[in-house]
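Have a look at the structure below, then the notes.
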Amino acid sequence: MTTAASQLHPAAERAGADKAKSQVPALTITLIALGLLLAAGMLVSLGVGGHNMTIGQVVDAIALRWQTDAWAQSPDATIVWNLRMPRTLLAAMVGVNLSIAGVLLQGIMRNPLASPDIIGVTAGAALAATIMIVAVPPMMVASGLGLLTLPLAAFVGAMAVSVVVFALSWQPGVGTSAVRMILAGVAVSAMLGGFQGFLMVYFADRVQGVVLWLAGSLNTRSWHHVTLVAPCLLIGLGLAAMLIRPLNLLQLGEAVAHNLGVHVNLTRMAAIITASLLTGSAVCAVGVIGFVGLIIPHIMRLTVGHTHGRLMPAAMLAGAVMLVWADIGARVLGEMPVGVLTAMIGGPYFVALLYGRKLT
Amino acid sequence: MTQAQMTCMTEPDAASPRRALLKASDLCAGYDRRCIVQHVSCELSPGELLGVIGPNGCGKSTLLKTLSGNLMPTRGHVELDGRALSRWSRPERARRLAALPQHPDAPVGMTVRDLVQCGRAPHARWLQWRHHDDRFAIEQAIAECRLDALTDRPLAELSGGERQRAWIAMTLAQQSRVLLLDEPTSALDIGHQLDVMHLLHAQTRQNDMAIAVVMHDINMAIRFCDRLLVMHRGRLAGQCPIANTRTWSLLEDVFDVSVEQTAQAPTAPSGCAACCTNMLTFNRRQNKT
């Protein structure tokens, strides 16, 4: 054997070892910090709104639930339990859905731009919802009669678009490729966006509900919406957990992943369907909330690293934190659509990250 | 077998007394109906280091991709361990056949150990990352590739040669019998080329692996490989044992060069191929016939 020039670099080696060791505590600290932020956010969210309450009042109101007589009389309890609790839970769940969808899509595409908005899932849900609102006169407003019809339509739209995008990116004999998927997603998004614009101009008299819905709002959401999103969230998280290992291997490239025994196309399909399920259920409950699925995975990757076993729990909590606090902000600013706020905060923050650190 | 021009295919049976681990028969493959590999039949036996050479664009990489299952053959079939390649389940196949594409690329921040660990994926059980054999296989692969001092370093900080060794360590951690490498030495300096070739040669001798390497340096191929597989325009121009003057004329035809044996190199170091150590000099042919 030849003696190679593999000399020891003690200092560099030690630095590398420290880095590796510090990753696990970084994850723990991140998770604990995010968990605390989420708990605090949820408490604040229960107290803030048209009728502000102190933390003590909130806790009392929550406790009233188990005292059958007092519960009906207390306005505090009614507000907390019937209005703010579902809204807060929904904000957290939608945050989880969107950020996990972002992690999955960025993982299979190996592309930092991939997000539910890019691959057309959001556009599909939005268009389906718009069609429902403008084409079926009794359901001109999002609430009212079409409480479940509208979410279901949006959900079907999201899933249909994901299937179309996957089919368009398929090449016989080769399968899918990340670039083809993104191109197909962008093309389909543009097409759907055009059709959406047409509908909104042509049915200008009926689009009032659409505009509000497109901006994404958590206002007036009830337990119905929570029960709609919760099963999708649980199924989606289960599927995402099963995809952790193939996603990790896919980061080494399609060919290497294949050589390591990963079914690349199956992984892609499963990830797309899971992401559509998560995004579709989120969009159908609260409308279009942009940017969460794009920036949360990036920020968490900078904090806890690329391994999906670490990335997913961190992104999950971070997404919930972002949306719960954004919803609080939206309420304080007088019922602004939360989607407007996430985009307005998320955009500059993303730019700052881009210039401050290497974002790849 | 349509190739009558396999001129120097002298003694394939004598050269491989044991059953071939990987066997391709009448293989055609390509992209978008364009046939890049045409009617190639070849074998890879345990304990053998096979060099795949040929001019640029002759289909070496495509052949390797087809042999590793990355590309479906349009005709013919590949047999791994006595069974059609596509009939193995994916993890089963990956436990028997490891392959490395030309320019693999890892995510930022990944350390050498992380990468080598990925090689254990085909051995992992459902929802289980690490197994007690894994640690041993990982340590062994790291030691064999002499990466002990670098295990916790991010791949991005390593030199090209060290990074290539880390990728090879990943494939060794797979503990497969067959290993297919696409130009593992092409971007390396001579010292690191020798490291990699010695490493591969040792694997065939000590662990009885069957390794095929695509390479461009013919002298290097002649020095280390047991057999050469020469490709030309998608077809197999010949498979030859190394020490054979007919090999030289084959190389002359395929690469359109003149070959001249300029030196008898000193005997190869112990453990290296006992075969010939001719040093060849190549010149572009002037008068094309």
Inside segment B:186-208, the number of residues satisfying the requirement of being in contact with a Pro (Cβ under 7 Å, 6 or more places away or on another chain) and either away from chain A (no Cβ under 14 Å) or of a type in the set (S, T, N, Q) (or both) is 1
For the list (1) farther than 16 Å from A:Val256 by Cα; (2) crowded, with 23+ Cβ neighbours inside 10 Å; (3) not hydroxyl-bearing (Ser, Thr, Tyr), I need the number of the one condition that B:Ala169 fails.
(1)
Would you check which residues across segment A:217-263 are within 22 Å of A:Val96 (Cα to Cα), in a helix (DSSP H, G or I), within 14 Å of chain B (Cβ to nearest Cβ) and touching a helix residue (DSSP H, G or I) at 6+ places or on another chain (Cβ under 6 Å) and list them?
A:Leu239, A:Ala240, A:Ile244, A:Pro246, A:Leu247, A:Asn248
Of the residues B:Gly109, B:Gly54, B:Gly47, which is in contact with a helix residue (DSSP H, G or I) (Cβ under 9 Å, 6 or more places away or on another chain) and either within 14 Å of chain A (Cβ to nearest Cβ) or more than 27 Å from B:Asp217 (Cβ to Cβ) (or both)?
B:Gly109
Expected single match for without any contact (Cβ under 8 Å) to a residue 24 or more places away in the chain and either part of a loop (DSSP other than H, G, I, E, B) or over 18 Å from B:Met215 (Cβ atoms) (or both) among B:Gly30, B:Gly57, B:Gly47, B:Gly69 is B:Gly57
Please report, ordered by residue number, the helices (runs of 4 or more DSSP H) entirely within segment A:1-105 with at least 2 residues that are within 14 Å of chain B (Cβ to nearest Cβ) and modelled with pLDDT under 85.
A:10-47
For segment A:302-315, does any single residue satisfy the condition of being closer than 28 Å to A:Ala167 by Cα, within 13 Å of chain B (Cβ to nearest Cβ) and either surrounded by fewer than 23 Cβ atoms within 10 Å (Cβ to Cβ) or not polar (S, T, N, Q) (or both)?
yes
Any chance segment A:197-209 includes a residue that's part of a loop (DSSP other than H, G, I, E, B), more than 13 Å from chain B (Cβ to nearest Cβ), in contact with an Asp or Glu (Cβ under 9 Å, 6 or more places away or on another chain) and farther than 30 Å from B:Gln174 by Cβ?
no
Kindly list, by first and then second residue, each pair from a residue in segment A:333-346 that is closer than 18 Å to A:Val48 by Cβ to a residue that is of a type outside the set (S, T, N, Q) and in a loop (DSSP other than H, G, I, E, B), limited to pairs with Cβ atoms under 6 Å and residues at least 6 apart or on different chains.
A:Pro337/A:Gly216; A:Val338/A:Gly216; A:Val338/A:Leu218; A:Thr342/A:Ile289; A:Thr342/A:Phe291
Residue list for segment A:299-357, filter: more than 24 Å from A:Ala230 (Cα to Cα) and touching a Ser or Thr at 6+ places or on another chain (Cβ under 7 Å)
A:Thr303, A:Val304
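The values are calculated or read from the model by the stated rules, or taken from the named source; none is laboratory data. Note that the structure is predicted; figures quoted are calculated from it, not measured. When we count neighbours, we look across all protein chains shown, and the Cβ atoms used for this are built from the backbone with ideal geometry, even at glycine.
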